[in-house]
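Here's the structure we're looking at; comments come further down.
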Amino acid sequence: MSAHAHTDHHHGDHHHGDASGHGTLKGYVTGFVLALILTAIPFWLVMGDVFADAQTTALVIMALAVAQIIVHMVYFLHMNTKSEGGWTMLALIFTVVLVVITLSGSLWVMYHLNHNMMPVSAHDMRNMP
């Protein structure tokens, strides 16, 4: 009887306290197909010269990159609000906030340095006292 109780104890340990479970073949194939599509579309956009404006192309590619990051997190890293008691998602949100602050601050500083440090032309020199 004690051997049976010991075996049941080990079966409970296989879940490691995580509610998300592990991926299935269908989930991995779905993630792979989505990742493949989200990789092929930017190549098509650039090689086919779909948009006349390069800025529009860049914005669409960045949006597709964000979509691909989400696909990888959901289908391959199995991140959701239930895994690890929500701490995984909280760590992700914290990381995204730090990256946004760092990138936006860097772009702001570079823009203002570029704007304020532009070389003075000969035309502007004539107007100076």
Residues of the stretch 71-102 satisfying the condition of being loosely packed, with under 13 Cβ neighbours inside 10 Å and under 23 Å from THR30 (Cα atoms): THR81
Is at least one residue of the stretch 41-52 closer than 30 Å to GLY85 by Cα, modelled with pLDDT under 95 and among the hydrophobic types (A, V, I, L, M, F, W, C)? no
By residue number, the members of the stretch 65-103 that are of a type in the set (S, T, N, Q), under 16 Å from the mean Cα position of the chain (by Cα) and part of a helix (DSSP H, G or I) are GLN68, THR88, THR95, THR102
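The values are calculated or read from the model by the stated rules, or taken from the named source; none is laboratory data. Quick caveat: nothing in here was measured; it's all calculated off a predicted structure. Every residue, glycine among them, receives a Cβ derived from its backbone with ideal geometry; neighbour counts consider all protein chains shown.
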